[in-house]
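The next block holds one structure in the form of structure tokens; read it before the comments.
The values are calculated or read from the model by the stated rules, or taken from the named source; none is laboratory data. This one's a predicted model, so the numbers in the text were calculated from it and none came from an experiment. FYI the Cβ positions are ideal-geometry reconstructions off the backbone, even for glycines, and counts take in every protein chain you see. The area values use the complete protein model at the heavy-atom level, side chains included, leaving out ligands, DNA and RNA. Shrake-Rupley method; radii C 1.70, N 1.55, O 1.52, S 1.80 Å.
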Amino acid sequence: MSGKFIVFDGLPGSGKGTQIKKVFEYIFDKDKKFDNILITDEPTNGPYGLKIRELFKQQKTSDDFKDELFELFALDRQWHIEEIIKPALGKNFIILCDRYKYSSIAYQTVQGTIFEKVFSRHKDFLSPDLALIFDVSPDEAYNRIGNAKDGKRKDSDKFREKIFISNLRKYFLDLPNKIPNEKIKIIDANLSIENVFSQIKSEIDLIL
Ligand code: TYD
């Protein structure tokens, strides 16, 4: 079994975290020899990821630090690919990655960086075996964020406002058209946890 790189990306409040855990359990239960499963996420805890979190703490409006964040997210991703993703693929790990370049394309464009610039900064970055883009209506996303059980303030609060979420959505939904050579699937995350999982399961079964 060769390694696989699977990305979970999309709107906040779309239930990515819940589904990543379910996929982890599914892959593990399906065949116990898949014990090399890695869950990883962006921004990372590497040197650039930590700088990103520092900037989030200082953000007063969603477009603050747009140039710095554009570059830091790309550098963080390069670090992630070289230090974590490629070594794990080399050991045949199945990698479940929470957010990747698709987030930069949507978030940094909505922050105000020109789409073509964000797109071309990422065009040579490693393509995953499968990218699942979680779509949910902005109202539902906003309600879910507000009702999140932990109720904790997030560093990235300025990116969780309703208007920002609505603007993100069109970039996420357009990804299959913009990057037709990659395996990108839009997942309808408005539905129940089990229904969302069954959509994902059929995509995962195709590549494992
Ligand atoms: P996080 O607290 O993990 O939020 P979430 O639960 O929504 O994933 O912080 C990540 C934030 O960083 C989130 O608001 C999305 C944003 N982000 C970008 O703006 N660009 C990127 O390239 C990535 C990976 C994340």
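Below, the figures for the structure above:
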{"item": "Whole-Hz ³J(HN,Hα) from phi, Karplus 6.51 cos²θ - 1.76 cosθ + 1.60, for the range 158-170, glycine and proline x", "result": "5, 8, 10, 7, 4, 5, 5, 4, 4, 5, 4, 4, 5"}
{"item": "The chain: calculated mean residue ellipticity at 222 nm from DSSP helix runs of at least 4, using -39500 (n - 2.57)", "result": "-14500 deg cm²/dmol"}
{"item": "Long-range HN-HN contacts of Gly10 with modeled amide H, under 5 Å", "result": "Phe134"}
{"item": "About the Cα centre, charge dipole magnitude for the chain (Lys/Arg +1, Asp/Glu -1 at Cβ), debye", "result": "180"}
{"item": "Percent carbon-and-sulfur accessible area, the chain, ignoring ligands, DNA and RNA, probe 1.4 Å", "result": "50"}
{"item": "Average accessible surface area per residue within the range 54-208, 1.4 Å rolling probe, Å²", "result": "51"}
{"item": "Overall form of the range 1-117 per C-alpha gyration tensor (a/c, 1.5; a/b vs b/c)", "result": "prolate"}
{"item": "Helix 16-30 vs. the chain, principal-axis angle (Cα, 0 to 90°, nearest 10)", "result": "10"}
{"item": "Inter-probe distance in nm under a simple model that places probes 7 Å from Cα toward Cβ, at Leu126 and Asp174", "result": "2.8"}
{"item": "Charge dipole of the range 4-207 about the Cα centre (unit charges at C-beta), most positive-ward option of Gly17, Gly146, Leu191", "result": "Gly146"}
{"item": "Gyration tensor (alpha-carbon) shape descriptor, the range 69-146, a/c threshold 1.5", "result": "oblate"}
{"item": "Highest-fluctuation residue, Thr18, Thr44, Thr109 considered, GNM on the chain with Cα pairs under 10 Å", "result": "Thr18"}
{"item": "The chain - Rg and Dmax from Cα coordinates, angstrom", "result": "16.4, 48"}
{"item": "Bins of 10 Å from zero: percent of alpha-carbon pairs in the range 1-64", "result": "16, 36, 31, 13, 4"}
{"item": "5 angstrom amide H check on Ile37, placed H, neighbours 5+ away", "result": "Ile94"}
{"item": "HN-Hα J in Hz across the range 3-14 - Karplus 6.51, -1.76, 1.60, θ = phi - 60°, x for Gly and Pro", "result": "x, 9, 10, 10, 10, 10, 9, x, 6, x, x, 9"}
{"item": "Three principal axis lengths of the range 58-114 [C-alpha, angstrom, descending]", "result": "41, 21, 16"}
{"item": "Length released on extending from Asn45 to Leu208, taking residue separation times 0.36 nm less the Cα-Cα span", "result": "55.8 nm"}
